Amino acid sequence: MKQTLRQNDLEAYLDEALPAEEMAEIERRIRLDPSLLQQLAAINARRDSGVHTLSEIWRRRRASCPDRRDWSAYLLGTLDEAARQYMELHLREVGCRFCRANLHDLQVQSEEGEAAGETRRRRYFETSVGRLRRR
Ligand SMILES: [Zn+2]
């Protein structure tokens with residue numbers, strides 16, 4: 001393990017791109033050294049905004065890319081205004097191809113979803129009933 005943590009060590013930590021022992025070591029050092037936490041928060045602030053605690057950083061470490069659940073919430077229109085704006089900015093201004101693909105995929109899925117979900121539910125019900133009858 002290196003003596004001093006550099007910016008890219010912390011970046012890698014946020015991306016969970018390190019071996020488990022190094023992740024644990026960095027986490028231990030962050031807990032001991034408030035200046036590291038500040039550094040980490042600064043990195044994260046660039047990726048998103050308003051982060052103060054280690055657990056928040058953890059939760060929001062992928063804040064630069066909304067995850068699939070966020071995008072389904074976006075499609076359902078259940079997000080608050082700030083989140084919705086952030087995601088639209090991410091899509092339009094940042095032009096993230098990964099998220100665009102994700103969103104497109106979810107749109108297709110929700111169009112097909114109704115029918116498929118119905119079939120799955122019916123199948124599950126039938127096998128459950130079948131199992132009960134065999135007993
Ligand atoms: Zn993205």
Those residues of the stretch 93-113 which are modelled with pLDDT of 85 or more and within 12 Å of the ligand (Cβ to nearest atom) amount to CYS99, ARG100, ALA101, ASN102, LEU103
For the stretch 62-79, the count of residues that are at pLDDT 90 or above, over 14 Å from HIS104 (Cα atoms) and not aliphatic (A, V, I, L, M) equals 2
Selection from the stretch 15-46 of residues of a type in the set (Val, Ile, Thr) and assigned to a loop (DSSP other than H, G, I, E, B) yields none
Pairs returned, first residue in the stretch 79-101 that is under 14 Å from ARG68 (Cα atoms), second residue that is charged (D, E, K, R) and near the ligand (Cβ under 9 Å from one of its atoms), beta-carbon separation under 8 angstrom, 6 or more apart or interchain, are LEU91/ARG100
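The values are calculated or read from the model by the stated rules, or taken from the named source; none is laboratory data. What you see is a predicted model, and the numbers here were worked out from it, not measured in a lab. Cβ: placed from backbone, ideal geometry, glycine included. Neighbour counts: every protein chain shown.
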